[in-house]
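J.: Just dropping this structure here.
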Amino acid sequence: MIVAEKISKYFNGERVLHDISVSFEPGKTNLIIGKSGSGKTVLMKSIIGLHIVDNGKILYNDRNFLLMSPKEQRELRKEMGMLFQGSALFDSLTVEENIQFPLDMFSNMSDREKRERVNFCLKRVNLEKANKLFPGELSGGMQKRVAIARAIVLNPRYLFCDEPNSGLDPKTALVIDKLISDITHEYNITTIVNTHDMNSVMEIGEKVVFIHEGRKCWEGNNLQILNSKDEALNDFIFASDFAKRAKQNIDQTSS
Amino acid sequence: MGKVFIKPDRWKMYYRQTFREIESLGLNSIGIVIIISIFMGAVITLQTRYNLENPLIPLYLIGLTARDTMLLEFSSTIVGLILAGKVGSNIASEIGHMRITEQIDALEVMGVNSAGYLILPKVTAAVLFNPLLTILSMFVGVFGGWLACISTGALTSTDYIYGIQYWFVPFYITYSVIKTIVFAIIITTVPAYFGYNVKGGALEVGHSSTRGVVTSSILILLFNVILTQLLLAK
Ligand SMILES: Nc1ncnc2c1ncn2[C@@H]1O[C@H](COP(=O)(O)OP(=O)(O)O)[C@@H](O)[C@H]1O
Ligand SMILES: [Mg+2]
């Protein structure tokens with residue numbers, strides 16, 4: 001369980017996060033949604049500690065991350081996997097070396113065990129025979145899958161995904177969403193996904209937190225979201241005029 | 001930046017990276033060091049020869065001048081400046097690129113000390129390998145002078161070879177190697193610092209690379225003066 005309590009973050013005097021309190025549950029895909037620039041990435045990176053928050057608490061199973069020593073923080077991070085918006089694969093390493101990297105760094109496995117684990121993870125993300133390729137030789141969807149494989153190779157308890165669908169076609173995006181959701185349930189991971197893609201919300205949004213201009217405006221799940229009364233949220237969900245008219249029709253028939 | 005010099009997370013990974021860096025920063029610089037050293041050795045020899053008008057000065061002193069110029073100044077400082085351009089821009093842009101594509105964040109999330117993992121192997125590789133480049137440059141430069149002598153007939157081979165052995169001060173090599181080690185630290189840490197702290201996009205990576213090269217070049221010149229005063233003043 002990850003809990004953020006009243007966290008605030010400023011950049012050069014400008015406030016980007018306003019007292020956000022939110023909790024993320026194990027074994028679930030927790031979504032942070034909002035427009036571009038609303039503060040999703042900053043919120044996620046603050047929770048991981050890549051940004052230092054100016055106020056508030058961040059609790060991992062009731063332990064305050066901000067009060068841990070750098071060594072304890074690094075230990076905790078070995079339980080985290082992250083999928084970055086641009087995949088962030090190491091471009092000087094092959095696919096296989098990328099995935100093996102955390103094992104080389106932190107495990108005491110033999111070379112054979114490592115190879116088996118790498119192949120297992122590659123298979124899990126449906127990417128075989130790409131072992132010797134470099135990230136530059138892969139499509140966007142394949143890069144994302146390699147990045148997921150790298151993120152899960154150490155059996156993380158927490159998985160963070162920043163806009164896993166960005167730059168992908170809708171069909172590939174769905175495959176990636178499905179993969180993240182399956183992995184979450186299979187290994188009982190606490191997963192947090194940033195997205196502005198309503199398809200993802202409807203598909204995998206077991207818990208959804210809506211961020212607008214650095215404030216938390218709504219939380220619930222994908223079944224409740226279409227009926228919300230929050231104006232900013234409705235504006236976000238029903239962005240097109242077409243969708244707005246459809247929503248009005250639904251509201252009229254239901255009232 | 002203190003994070004660079006703490007104990008590596010995994011020695012095996014640190015050794016592996018260091019060997020990679022020796023290859024990419026060191027071995028790949030051999031060519032350019034040979035080329036500039038040959039030509040500079042040749043030019044120094046010819047210039048000394050053509051500026052020497054007093055018939056009382058023995059010609060073999062030309063060999064001595066070429067040798068000492070290479071030993072004292074060229075093979076450490078000028079090679080250092082050239083490497084600051086080549087290696088420095090390479091380091092700043094590589095690390096800057098890793099910063100803006102979130103590869104450094106990825107290392108940090110894994111729990112890796114990113115500054116240490118990325119920078120320390122480069123410093124180690126340069127400190128170990130650059131002295132070899134300096135010594136190589138000395139030999140090649142002196143050889144370039146000899147080539148110039150025999151190909152232009154400006155000086156006889158005998159005079160030149162006598163000159164390069166005349167009044168040899170071994171400490172000049174030590175002095176040059178000490179300078180090279182200090183320059184190696186500058187050439188790797190300064191551009192790495194600029195790359196590591198890039199914010200923004202490709203344009204900023206370019207700027208950081210330029211700033212890294214300019215700053216490390218100026219520091220090399222400054223430390224050249226300081227070290228010369230410390231090491232050679234009698
Ligand atoms: N490192 C930074 N320095 C200054 N401002 C930043 C930084 N990172 C993000 N911001 C600002 O914070 C706001 C939220 O950004 P972000 O979290 O990236 O939005 P998104 O919801 O699209 O992920 C934006 O206005 C952005 O300009
Ligand atoms: Mg973002």
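The values are calculated or read from the model by the stated rules, or taken from the named source; none is laboratory data. Values in this document were obtained by computation on a predicted structure and should not be read as measured data. Cβ coordinates were reconstructed from backbone atoms using ideal geometry, including for glycine residues, and neighbour counts include every protein chain displayed.
J.: I want to confirm something. Restricting to region B:188-209 and keeping residues that are of a type in the set (S, T, N, Q) and either surrounded by 15 or more Cβ atoms within 10 Å (Cβ to Cβ) or free of Cβ contacts under 8 Å to residues at least 40 places away in the same chain (or both), which single residue is farthest from B:Phe129 (Cα to Cα)? Quick ask: steps written out before the conclusion?
T.: From region B:188-209, those of a type in the set (S, T, N, Q) are B:188-189, B:197, B:208-209; that's our starting set.
Still in the list and also either surrounded by 15 or more Cβ atoms within 10 Å (Cβ to Cβ) or free of Cβ contacts under 8 Å to residues at least 40 places away in the same chain (or both): B:188-189, B:208-209.
Numbers: B:Thr188: 12, B:Thr189: 15, B:Ser208: 25, B:Ser209: 22 Å.
Only one residue fits best here, namely B:Ser208.
J.: Within region A:69-78, which residues are assigned to a loop (DSSP other than H, G, I, E, B) and either crowded, with 16+ Cβ neighbours inside 10 Å or within 16 Å of ligand 2 (Cβ to nearest atom) (or both)?
T.: Pass one, region A:69-78, residues assigned to a loop (DSSP other than H, G, I, E, B): A:69, A:78.
Result: A:Lys78, single match.
J.: Can you confirm whether region B:119-136 contains a residue that is within 14 Å of chain A (Cβ to nearest Cβ) and crowded, with 24+ Cβ neighbours inside 10 Å?
T.: Keep residues of region B:119-136 that are within 14 Å of chain A (Cβ to nearest Cβ), which gives B:121-122.
With the extra rule that they be crowded, with 24+ Cβ neighbours inside 10 Å, the set shrinks to B:122.
Within region B:119-136, one or more residues are within 14 Å of chain A (Cβ to nearest Cβ) and crowded, with 24+ Cβ neighbours inside 10 Å.
J.: Checking the condition away from chain B (no Cβ under 12 Å), within 23 Å of the chain's Cα centre (by Cα) and charged (D, E, K, R), which residue from A:Lys114, A:Lys132, A:Lys78, A:Lys57 passes? Before the answer, list the steps.
T.: Values: A:Lys114 fails: within 23 Å of the chain's Cα centre (by Cα); A:Lys132 fails: within 23 Å of the chain's Cα centre (by Cα); A:Lys78 fails: away from chain B (no Cβ under 12 Å).
Result of the check over A:Lys114, A:Lys132, A:Lys78, A:Lys57: A:Lys57.
J.: Let me ask something additional. Any idea which residue in region A:156-174 is farthest from the other protein chains (Cβ to nearest Cβ), counting only those that are in contact (Cβ under 8 Å) with a residue 40 or more places away in the chain and more than 16 Å from ligand 2 (Cβ to nearest atom)?
T.: Applying the filter and picking the extreme gives A:Arg157.
J.: Answer yes or no: is there a residue in region A:9-18 that is part of a strand (DSSP E or B), within 16 Å of ligand 2 (Cβ to nearest atom) and within 11 Å of another protein chain (Cβ to nearest Cβ).
T.: So the first thing to find is which residues in region A:9-18 are part of a strand (DSSP E or B), and the list is A:9-11, A:14-18.
Of the ones still in play, those that are also within 16 Å of ligand 2 (Cβ to nearest atom) are A:9, A:11, A:16-17.
Then keep just the ones that are within 11 Å of another protein chain (Cβ to nearest Cβ); that gives A:11.
There is at least one residue in region A:9-18 that is part of a strand (DSSP E or B), within 16 Å of ligand 2 (Cβ to nearest atom) and within 11 Å of another protein chain (Cβ to nearest Cβ).
J.: Tell me yes or no: at least one residue of region A:175-198 is in contact with a strand residue (DSSP E or B) (Cβ under 9 Å, 6 or more places away or on another chain), within 14 Å of another protein chain (Cβ to nearest Cβ) and in contact (Cβ under 8 Å) with a residue 24 or more places away in the chain.
T.: Within region A:175-198 (the criterion being in contact with a strand residue (DSSP E or B) (Cβ under 9 Å, 6 or more places away or on another chain), within 14 Å of another protein chain (Cβ to nearest Cβ) and in contact (Cβ under 8 Å) with a residue 24 or more places away in the chain), the answer is yes, since at least one residue qualifies.
J.: Additional query: Out of region A:48-65, which residues are more than 12 Å from ligand 1 (Cβ to nearest atom), surrounded by 14 or more Cβ atoms within 10 Å (Cβ to Cβ) and not small (Gly, Ala, Ser)?
T.: Of all residues in region A:48-65, those more than 12 Å from ligand 1 (Cβ to nearest atom) come to A:48-49, A:53-65.
After this cut, where a residue has to be surrounded by 14 or more Cβ atoms within 10 Å (Cβ to Cβ) as well, the list is A:48-49, A:53-54, A:56-60, A:65.
Listed by number, the residues that qualify are A:Ile48, A:Val53, A:Asp54, A:Lys57, A:Ile58, A:Leu59, A:Tyr60, A:Phe65.
J.: Restricting to region A:35-52, give me the number of residues that are part of a loop (DSSP other than H, G, I, E, B) and more than 9 Å from ligand 2 (Cβ to nearest atom). Let's see the steps before the verdict.
T.: The initial filter retains those residues of region A:35-52 that are part of a loop (DSSP other than H, G, I, E, B), namely A:35-39, A:49-52.
Restricting the remaining residues to those that are more than 9 Å from ligand 2 (Cβ to nearest atom) gives A:35, A:49-52.
Qualifying residue count, region A:35-52: 5.
J.: Residues that are more than 14 Å from chain A (Cβ to nearest Cβ): find the helices (runs of 4 or more DSSP H) completely inside region B:3-118 holding 3 or more of those.
T.: Working: elements: B:11-21, B:30-51, B:61-69, B:79-100, B:103-110.
Those helices (runs of 4 or more DSSP H) span B:30-51, B:61-69, B:79-100.
J.: Look through A:Ser69, A:Ser46, A:Ser38 and report the one residue that is of a type in the set (Ser, Thr, Tyr) and out of contact with any strand residue (DSSP E or B) (no Cβ under 7 Å at 6 or more places or on another chain).
T.: Values: A:Ser46 fails: out of contact with any strand residue (DSSP E or B) (no Cβ under 7 Å at 6 or more places or on another chain); A:Ser38 fails: out of contact with any strand residue (DSSP E or B) (no Cβ under 7 Å at 6 or more places or on another chain).
Only one candidate passes the filter, namely A:Ser69.
J.: What are the pairs with Cβ atoms under 9 angstrom where one residue, in region A:82-98, is farther than 16 Å from B:Met13 by Cα and within 8 Å of chain B (Cβ to nearest Cβ) and the other, located anywhere, is of a type in the set (Phe, Trp, Tyr) and more than 16 Å from ligand 1 (Cβ to nearest atom)? Sequence gap at least six, or different chains.
T.: Correct list of pairs: A:Met82/A:Tyr158; A:Leu89/A:Phe134; A:Asp91/A:Phe134.
J.: Only residues in region A:136-155 that are on the phi > 0 side of the Ramachandran plot count as the first member; pair them with residues that are in a loop (DSSP other than H, G, I, E, B), Cβ under 8 angstrom, at least 6 apart or cross-chain, and list the lot.
T.: If the second residue must be in a loop (DSSP other than H, G, I, E, B), the pairs left are A:Asn155/A:Tyr187.
Matching residues to (1) modelled with pLDDT of 95 or more; (2) over 17 Å from A:Phe24 (Cβ atoms):
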residue	(1), (2)
A:Asn165	no, yes
A:Leu168	no, yes
A:Lys171	no, yes
A:Lys178	no, yes
A:Ser181	yes, no
A:Thr184	yes, no
A:Thr190	yes, no
A:Asn194	yes, no
A:Val201	no, no
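J.: With the checklist (1) out of contact with any Phe, Trp or Tyr (no Cβ under 7 Å at 6 or more places or on another chain); (2) crowded, with 23+ Cβ neighbours inside 10 Å in hand, flag the one item A:Thr190 doesn't pass.
T.: The one condition A:Thr190 does not meet is (1).
J.: Looking only at region B:4-28, how many residues end up being more than 25 Å from B:Asn197 (Cβ to Cβ) and among the aromatic types (Phe, Trp, Tyr)?
T.: 3
J.: Just to be sure I understand the filter: pairs with C-beta atoms under 9 Å, separated by 6 or more residues or on different chains, first member in region A:35-51 and more than 14 Å from chain B (Cβ to nearest Cβ) and touching a residue at least 60 places away in the same chain (Cβ under 8 Å), second member of a type in the set (Ser, Thr, Tyr) and within 12 Å of ligand 2 (Cβ to nearest atom). Which pairs pass?
T.: Cβ pairs passing all conditions: A:Lys40/A:Thr195.
J.: Could you list, in sequence order, all residues of region B:95-114 that are crowded, with 20+ Cβ neighbours inside 10 Å and farther than 24 Å from A:Gln73 by Cα?
T.: The one that is crowded, with 20+ Cβ neighbours inside 10 Å and farther than 24 Å from A:Gln73 by Cα: B:Gly96.
J.: Read through the list (1) within 11 Å of chain B (Cβ to nearest Cβ); (2) modelled with pLDDT under 95, then give the number of the only condition that A:Met109 fails.
T.: (1)
J.: Taking A:Gln73 and the conditions (1) more than 14 Å from chain B (Cβ to nearest Cβ); (2) over 30 Å from A:Glu231 (Cα atoms), which numbered condition does it fall short on, given that it satisfies the others?
T.: Of everything listed in (1) more than 14 Å from chain B (Cβ to nearest Cβ); (2) over 30 Å from A:Glu231 (Cα atoms), A:Gln73 misses just condition (1).
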